[in-house]
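These notes are about the structure you will find just below.
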Amino acid sequence: MIFEAMVEIRTRPGISDPEGATIESALPRLGFGEVSGVRVGKAIRLSVDAPDEAGARRRLASLCDALLANPVMEDVEITLMAD
Amino acid sequence: MAATVGVVVFPGSNCEHDAVEAIEALGGTARIVWHGSADLGGLDAVILPGGFAHGDYLRPGAIARFSPVMEAVGEFARSGGPVVGICNGFQVLTEARLLPGALQKNAGLRFLCREATVRVERTDTALTSGTNVGDQLVLSINHFDGNYLADPETRRRLAEEGMVALRYVGNPNGSMDDIAGICNPEGNVVGLMPHPERACDPLTGGTDGAVLIGSLLASAGVRTSY
């Protein structure tokens, strides 16, 4: 069974995020001064062939640990979109 | 016989020729090793040079870790062979878990391209054997992701096992505990953000890196070929 998935990779609180900081610093000039807390991460869409949802989650978690995220700096959230 | 140092080239490496020049100027023999090769036969030391291995896609060093050469580099390191990762090479070593911690983006918002002063903290390593503790060296830095960090347990271990080889004097990038370079407990695997290979000829602005590259050649020379 093919599971469509989205892996969101977020830098942990306290980890340097110059891209987020630069975007946030531009907001007041653009008239969005009420927007704050900008953090830039990554979203990776992928498909995984697995017998069931639990199996798909296990494989994706293992992939995140091996490659997609660095546990020293990043947290991941895996969302499955089975159809 | 002169020590032979392998300089690994990943797609996107760009400091390999600087490393080769420095090694040869100091009397060593350099050999370029393509990342797809898993053969480190005949080498006495390995350098992972600076650049943007695999385009730094995903994270610096994340994909390079899976290049065929890295398994051989891991074995070489575990057998006691001297391995030095410079800049992007340091990032590759942390991603490959041959050194602990990680390099996050600089604390400021900028890519840094300037000189930095580092202080030697440990001398029984593959890169610092010719220096004294407290020596200060001026080296160039050239990075966006050079801000070293580690979890509290690793931080304690770095201190307890003397794994900090070089610290910045005047922290340029927010690096935890002013760390510019670390090593494994044995001292044969060293990673650093500054570029010693670019400071081996007065023509490029200084020669403070020569003692480090020279130390690597000395470490390589006292070891029989792998």
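Overview of values
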{"read-out": "Residue under evaluation B:ARG65, criteria (1) within 14 Å of chain A (Cβ to nearest Cβ); (2) out of contact with any Pro (no Cβ under 8 Å at 6 or more places or on another chain); (3) assigned to a loop (DSSP other than H, G, I, E, B), criterion not met", "value": "(3)"}
{"read-out": "Given (1) in contact with a strand residue (DSSP E or B) (Cβ under 9 Å, 6 or more places away or on another chain); (2) under 26 Å from A:PRO18 (Cβ atoms), index of the condition B:ALA62 fails", "value": "(1)"}
{"read-out": "Only listed residue being away from every other protein chain (no Cβ under 14 Å), surrounded by fewer than 24 Cβ atoms within 10 Å (Cβ to Cβ) and of a type in the set (Asp, Glu), chosen from B:GLU197, B:GLU115", "value": "B:GLU115"}
{"read-out": "Unmet criterion (only one of (1) touching a helix residue (DSSP H, G or I) at 6+ places or on another chain (Cβ under 8 Å); (2) among the aromatic types (Phe, Trp, Tyr); (3) in contact (Cβ under 8 Å) with a residue 24 or more places away in the chain) for B:PHE66", "value": "(3)"}
{"read-out": "B:VAL189 vs. criteria aliphatic (A, V, I, L, M), in contact with a strand residue (DSSP E or B) (Cβ under 6 Å, 6 or more places away or on another chain) and over 15 Å from B:VAL138 (Cβ atoms)", "value": "yes"}
{"read-out": "Out of B:PRO82, B:PRO60, B:PRO49, sole residue that is surrounded by 18 or more Cβ atoms within 10 Å (Cβ to Cβ) and within 13 Å of chain A (Cβ to nearest Cβ)", "value": "B:PRO60"}
{"read-out": "Pair list, Cβ < 8 Å and 6+ apart or interchain, from the range B:201-221 residues that are more than 13 Å from B:ASP135 (Cβ to Cβ) and of a type in the set (S, T, N, Q) to residues that are part of a helix (DSSP H, G or I) and modelled with pLDDT of 95 or more", "value": "B:THR204/B:ARG198"}
{"read-out": "The range B:120-157, residues that are under 24 Å from A:ASN70 (Cα atoms) and under 17 Å from the mean Cα position of the chain (by Cα)", "value": "B:ILE141, B:ASN142, B:HIS143, B:PHE144, B:ASP145, B:GLY146, B:ASN147, B:TYR148, B:LEU149"}
{"read-out": "Looking only at the range B:92-112, and only at residues there that are of a type in the set (D, E, K, R) and surrounded by 19 or more Cβ atoms within 10 Å (Cβ to Cβ), the one that is nearest to the other protein chains (Cβ to nearest Cβ)", "value": "B:LYS105"}
{"read-out": "Total residues in the range A:28-62, condition in contact (Cβ under 8 Å) with a residue 12 or more places away in the chain and not small (Gly, Ala, Ser)", "value": "14"}
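Residue by residue, here is whether (1) out of contact with any strand residue (DSSP E or B) (no Cβ under 9 Å at 6 or more places or on another chain); (2) away from chain A (no Cβ under 14 Å); (3) under 20 Å from B:GLY89 (Cβ atoms) holds:
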| residue | (1), (2), (3) |
| --- | --- |
| B:GLN136 | no, yes, no |
| B:LEU139 | no, yes, yes |
| B:PHE144 | no, no, yes |
| B:TYR148 | no, no, yes |
| B:ARG167 | no, yes, yes |
| B:ASP177 | no, yes, no |
| B:ALA180 | no, yes, yes |
| B:CYS183 | no, yes, yes |
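The values are calculated or read from the model by the stated rules, or taken from the named source; none is laboratory data. Quantities reported herein were computed from a predicted structural model and do not represent experimental measurements. Note: ideal-geometry Cβ built from the backbone for every residue, glycine included; neighbour counts use all protein chains shown.
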